[in-house]
Amino acid sequence: MSDVPPDSAEPIADPALFDKVVNLTKRRGFVFPSADIYGGFRSTYDYGPIGVLLLRNVKDAWWRSMVQLRHDVLGLDAAILSPPAVWEASGHLANFTDPLVDCKVCNERFRLDKLDDTEVCPNCGATHSFTEARQFNLMFKTHAGPVEGAGHDVYLRPETAQGMFTNFANVLQTSRKKPPFGIAQIGKSFRNEITPGNFVFRTREFEQMEMEFFVPPDDADEWYQYWRKERFQWYLDLGMPEHLLRLRDHDEDELSHYSSATADVEFLFPWGWDELEGIANRGTFDLTAHATASGEKLDYFDPATNTRYTPKVIEPAAGATRTMMAFLMAAYDEEEVRGETRVVLRLHPRLAPYKVAVLPLSKKPELTGPAEELLSTLQPHYMCDYDETQNIGKRYRRQDELGTPVCITYDFESVDDHAVTVRDRDTMGQERIPIDEVLAHLQAKFGF
Ligand code: ATP
């Protein structure tokens, strides 16, 4: 975790944190390099048994807050493959580009707008060695069916948002909703990034959590302010320390041509502040573009005022994989315990891959039998781990590194007193709880 320096507004990024977290994720089965046995596939990752749980919990927490706990947002799961018409209308075919330069000395390629110094190659150090910048389109193109060529082109979506716009009329007609209402989606997106890197921060295949909120035009500013605050609060509610987060408003010259206001939620990564999510007022740009290109009506007739209007759109667009990485960075902690370093992930219980680990003190059947029984009473409620190997101290340390908030040890006394030792990840405090009160104890502790 980064420290807050006394009497200073700016917290300090901790460059050493990056390697520590990346090593932990590999060691404990969060994230593996993809195609590892073939030497890996550059900047592509697979989520292992623990990572898949953490990533799913991040997505579930988003869905819960954005869809489940509201009555004005509906879910969607649109196709990843899409025809050129969608991307023609959205402007992606023409404009979804980054400026690409090559170093003429070492042949490495870079994104011009991400270079610290546009005169010096960060790979080989050569000066004035870059080619003229050319615009490189980030969309992955493939073809549908056995025939290649014009008419068969399809694209892997570079964002999930367009699915919400192209389905606007479908959702409006089938849902009985009227503006203000939103459509939310979580799913994979693909961008042929020039310089992927920083672990899962920037990859070519990633997951997004996006919501398009359609509002009467006069209410757009108010809703923009609302979502700006709401989305920032989401990270805080999941235990992200406030000093590692900031909400940065875009300057006028940073705004996309269609956006009248955009703010980024930024996290203090080991290399400095960087984006987790953008909240944008996109106006009527998307619905108008698709209505014009498709010839379909993508507007709303308000029977109360007898008027027809194109809703404006407020979009909070977050990256699930990038956000998962930020939660890992924020949760990572080290402390001295009896002369040894204890590594602990202080993840919010909602995000923790396992909520509980059940640990019989020994492998003897009189302990493992009842421990498994206890496990099976908890599994319908929580994702649980079960571990009977190694000494108990090592098993606690392993669970600390997985971020498991509670360990439950079934020991020899448990056979007689029908109670277990419940250990808290953060304080390492232990208490004895009767077995038939364990579930209620956990529910009170987690609040769910
Ligand atoms: P960047 O400036 O970092 O390239 P962006 O502003 O183009 O990102 P958006 O199009 O606003 O990103 O996408 C919304 C969110 O999706 C981002 O805030 C980020 O969390 C996530 N995201 C975008 N590109 C990637 C990527 N290549 N890898 C992982 N996550 C990504």
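The values are calculated or read from the model by the stated rules, or taken from the named source; none is laboratory data. Because the structure is predicted, anything quoted here is derived from the model rather than measured. FYI the Cβ positions are ideal-geometry reconstructions off the backbone, even for glycines, and counts take in every protein chain you see.
Which one of the conditions (1) more than 26 Å from Ala304 (Cβ to Cβ); (2) among the acidic types (Asp, Glu); (3) not in a helix (DSSP H, G or I) does Asp253 fail to meet, given that it meets all the rest?
Result: Asp253 fails condition (3) only.
Can you tell me which residues in the range 71-109 are without any contact (Cβ under 8 Å) to a residue 60 or more places away in the chain and among the basic types (Lys, Arg)?
Lys104
Just the residues that are more than 14 Å from the ligand (Cβ to nearest atom) and either assigned to a strand (DSSP E or B) or touching a helix residue (DSSP H, G or I) at 6+ places or on another chain (Cβ under 8 Å) (or both), please, taken from the range 262-290.
Of all residues in the range 262-290, those more than 14 Å from the ligand (Cβ to nearest atom) come to 268, 270, 283-285, 287-290.
Leu268, Pro270, Gly283, Thr284, Leu287, Ala289, His290, listed by residue number.
Identify all residues within the range 35-64 that are of a type in the set (S, T, N, Q) and out of contact with any Lys or Arg (no Cβ under 9 Å at 6 or more places or on another chain); write none if there are none. Let's see the steps before the verdict.
Initial filter on the range 35-64 (of a type in the set (S, T, N, Q)): 43-44, 57.
Listed by number, the list is empty, since nothing qualifies.
Under the condition of being assigned to a helix (DSSP H, G or I) and farther than 17 Å from Tyr382 by Cβ, which residue from the range 414-448 is nearest to the chain's Cα centre (by Cα)?
Ser414
Between residues in the range 198-225 that are touching a residue at least 40 places away in the same chain (Cβ under 8 Å) and under 23 Å from Phe168 (Cβ atoms) and residues that are within 13 Å of the ligand (Cβ to nearest atom) and among the acidic types (Asp, Glu), which pairs lie under 8 Å by C-beta distance while being six or more apart or on different chains?
Close Cβ pairs (under 8 Å, with a partner that is within 13 Å of the ligand (Cβ to nearest atom) and among the acidic types (Asp, Glu)) amount to Gln208/Glu159; Glu210/Glu159; Glu210/Glu315; Met211/Glu315; Glu212/Glu315; Phe213/Glu315.
Please find, among Asp426, Asp400, the residue that is in contact (Cβ under 8 Å) with a residue 12 or more places away in the chain and exposed (fewer than 11 other Cβ atoms within 10 Å of the Cβ).
Every option except Asp426 fails the conditions.
For the range 162-188, give me the residue count where each residue is within 14 Å of the ligand (Cβ to nearest atom) and either under 24 Å from Gly272 (Cβ atoms) or surrounded by fewer than 17 Cβ atoms within 10 Å (Cβ to Cβ) (or both).
Of the residues in that region, 1 qualify.
Only one residue in Pro365, Pro370, Pro405 is over 26 Å from Asn57 (Cβ atoms), buried (at least 17 other Cβ atoms within 10 Å of the Cβ) and at pLDDT 95 or above, so which one is that?
Pro370
Residues that are under 22 Å from the mean Cα position of the chain (by Cα) and closer than 30 Å to Ile183 by Cα: does the range 293-303 have at least one?
Checking the range 293-303: not a single residue is under 22 Å from the mean Cα position of the chain (by Cα) and closer than 30 Å to Ile183 by Cα.
Go through the range 203-216 and report how many residues are within 7 Å of the ligand (Cβ to nearest atom) and more than 12 Å from the chain's Cα centre (by Cα).
Number of matching residues: 2.
Report yes if some residue within the range 114-122 is touching a Ser or Thr at 6+ places or on another chain (Cβ under 8 Å) and within 15 Å of the ligand (Cβ to nearest atom); otherwise report no. Explain how you work it out, then say what you get.
Of the range 114-122, the ones touching a Ser or Thr at 6+ places or on another chain (Cβ under 8 Å) are 114, 119-121.
Restricting the remaining residues to those that are within 15 Å of the ligand (Cβ to nearest atom) gives 114.
Yes; the residues of the range 114-122 include at least one that is touching a Ser or Thr at 6+ places or on another chain (Cβ under 8 Å) and within 15 Å of the ligand (Cβ to nearest atom).
Quick check, is Trp62 in a helix (DSSP H, G or I), touching a helix residue (DSSP H, G or I) at 6+ places or on another chain (Cβ under 6 Å) and hydrophobic (A, V, I, L, M, F, W, C)?
When the stated conditions are applied, Trp62 does not pass them.
Contact list please: Cβ distance under 7 Å, first residue in the range 279-298 and farther than 17 Å from Val215 by Cβ, second residue among the hydrophobic types (A, V, I, L, M, F, W, C) and within 16 Å of the ligand (Cβ to nearest atom), pairs at least six apart or on different chains.
What qualifies is His290/Phe165.
Please determine whether any residue of the range 360-381 is within 22 Å of Ile186 (Cβ to Cβ) and of a type outside the set (Asp, Glu).
In the first step, residues of the range 360-381 are kept if they are within 22 Å of Ile186 (Cβ to Cβ); the result is none.
Scanning the range 360-381, I find no residue that is within 22 Å of Ile186 (Cβ to Cβ) and of a type outside the set (Asp, Glu), so the answer is no.
Taking the condition of being farther than 12 Å from Pro83 by Cα, among the hydrophobic types (A, V, I, L, M, F, W, C) and within 16 Å of the ligand (Cβ to nearest atom), how many residues in the range 145-159 meet it?
Residues flagged as farther than 12 Å from Pro83 by Cα, among the hydrophobic types (A, V, I, L, M, F, W, C) and within 16 Å of the ligand (Cβ to nearest atom) within the range 145-159 amount to 0.
Please work out if Ala79 is out of contact with any Phe, Trp or Tyr (no Cβ under 9 Å at 6 or more places or on another chain), under 25 Å from Gln208 (Cβ atoms) and part of a loop (DSSP other than H, G, I, E, B).
Here the answer is yes, as Ala79 does meet what is asked.
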